[in-house]
Amino acid sequence: MSQLEIEAMAEFVDSLREVEVLLAVGPTHPRIDGGAAEQAQDRELANAVTRSCTVMLVAHFEGFVKAALTELIDQICEAKPPTRRIPEGLLELHTRGRIEEIFGTEGPDRIHKTRKLFSAYACLWEADRTVNPQVFTSKVLTRQFTNAKPEVLENVFSILDVNNVMAEIDAYVNEAIVGRDDEEAPVKVGPRLTEIVERRNKIAHGDRSEKPTPAEVNNYIRFLKDVASCISAIIQRKISHCCSLR
């Protein structure tokens, strides 16, 4: 694993083998010596395999993003850096829920929650105080990641003070395409991500008209691996910054 890869990236790459194994099960060419029934069965099997691969692939990718975000928070909690190293959006996210709880209550319960807010969470806003792992949790961040569409990624990474994350991923992916030198066309990452996620959603909700080809699934695998590699580098960069004790 390179220094720019987080543990979640290695796990994601390993999970891709499962998709590739499943894809290999499907027939690559229809049987020319079989009857109409056999050829129809081959088509149904091929469609079932590629549809399943698409659903599994996106699930693994979304799991990777959540694991990467969790790894960032876990590293912060282990290093216990001063809170000035933590993105303010992340501090606000942890505090916001407690504030909302206060205004959702009345009487003694509100007093109790207000006291808890200031006694437990005020330390997050004192620049030289170390991060308290008891009030800093990955669940608060991963709940913001509801799917792999570009607008969701933009929102989650803006919390981490990573602005224009899709532009960074776009540049990274297209640089990887050029580096492979295999005549692969440049790609717009945002629309491609939307296409893959929406296609997964249609398949998962029973739309039988969605029939990705094996070539499309292989392209999706390579594309999401490139996207994940960029996200891995971004998260590693944030870990290095946040976990500095200076």
Quiz prompt | Matching entry among E151, E71, E92, E126 (being within 30 Å of E198 (Cβ to Cβ), touching a helix residue (DSSP H, G or I) at 6+ places or on another chain (Cβ under 9 Å) and surrounded by fewer than 14 Cβ atoms within 10 Å (Cβ to Cβ)) | solution = E151
Practice problem: For the stretch 98-111, name all the residues that are closer than 22 Å to Q134 by Cβ and loosely packed, with under 13 Cβ neighbours inside 10 Å. | Solution: E100, D109, I111
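Of everything in the stretch 177-193, what is charged (D, E, K, R) and either surrounded by 17 or more Cβ atoms within 10 Å (Cβ to Cβ) or at pLDDT 95 or above (or both)? Give them in sequence order. Reasoning before the result, please.
Applying the first criterion (charged (D, E, K, R)) to the stretch 177-193 yields 180-184, 188, 192.
K188, R192, listed by residue number.
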Quiz item: Restricting attention to the stretch 202-221, does a residue exist that is without any contact (Cβ under 8 Å) to a residue 24 or more places away in the chain and within 16 Å of the chain's Cα centre (by Cα)?
Solution: no
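How about the stretch 157-169: which of its residues are in contact with a Leu (Cβ under 9 Å, 6 or more places away or on another chain) and farther than 14 Å from V227 by Cβ? Full working, then the answer.
To start, the set of residues in the stretch 157-169 that are in contact with a Leu (Cβ under 9 Å, 6 or more places away or on another chain) comprises 159-161, 165-166, 169.
Answer for the stretch 157-169, where residues must be in contact with a Leu (Cβ under 9 Å, 6 or more places away or on another chain) and farther than 14 Å from V227 by Cβ: I159, L160, D161.
Out of V152, V197, V187, V173, report the one residue that is more than 30 Å from Y121 (Cβ to Cβ) and within 14 Å of the chain's Cα centre (by Cα).
V197
Scan the stretch 237-246 and tell me whether some residue there is part of a loop (DSSP other than H, G, I, E, B), polar (S, T, N, Q) and touching a residue at least 12 places away in the same chain (Cβ under 8 Å).
Residues of the stretch 237-246 that are part of a loop (DSSP other than H, G, I, E, B), as a first pass: 243-246.
So of that shortlist, the ones also polar (S, T, N, Q) come out as 244.
Then drop every residue that is not touching a residue at least 12 places away in the same chain (Cβ under 8 Å), which leaves 244.
Within the stretch 237-246, one or more residues are part of a loop (DSSP other than H, G, I, E, B), polar (S, T, N, Q) and touching a residue at least 12 places away in the same chain (Cβ under 8 Å).
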Quiz item: Is the stretch 223-233 home to any residue that is surrounded by fewer than 16 Cβ atoms within 10 Å (Cβ to Cβ) and in a helix (DSSP H, G or I)?
Solution: no
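Considering the stretch 193-220 alone, what residues qualify as being touching an Asp or Glu at 6+ places or on another chain (Cβ under 8 Å) and either of a type in the set (S, T, Y) or under 23 Å from V156 (Cβ atoms) (or both)?
R199 - this is the single residue of the stretch 193-220 that is touching an Asp or Glu at 6+ places or on another chain (Cβ under 8 Å) and either of a type in the set (S, T, Y) or under 23 Å from V156 (Cβ atoms) (or both).
Considering only residues that are free of Cβ contacts under 8 Å to residues at least 24 places away in the same chain and not aliphatic (A, V, I, L, M), look in the stretch 143-166 and name the one that is nearest to H60 (Cα to Cα).
The selected residue is T146.
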Quiz item: Is the stretch 11-33 home to any residue that is over 26 Å from T146 (Cα atoms) and either small (G, A, S) or not assigned by TED's automatic domain parsing to the domain that holds K211 (or both)?
Solution: yes
Exercise. Determine if the stretch 167-176 includes at least one residue that is in contact with a helix residue (DSSP H, G or I) (Cβ under 9 Å, 6 or more places away or on another chain), more than 28 Å from V58 (Cα to Cα), buried (at least 17 other Cβ atoms within 10 Å of the Cβ) and of a type in the set (F, W, Y).
Key: no
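The values are calculated or read from the model by the stated rules, or taken from the named source; none is laboratory data. What you see is a predicted model, and the numbers here were worked out from it, not measured in a lab. Every residue, glycine as well, gets a Cβ built from its backbone with ideal geometry; the counts of neighbours run over all protein chains shown.
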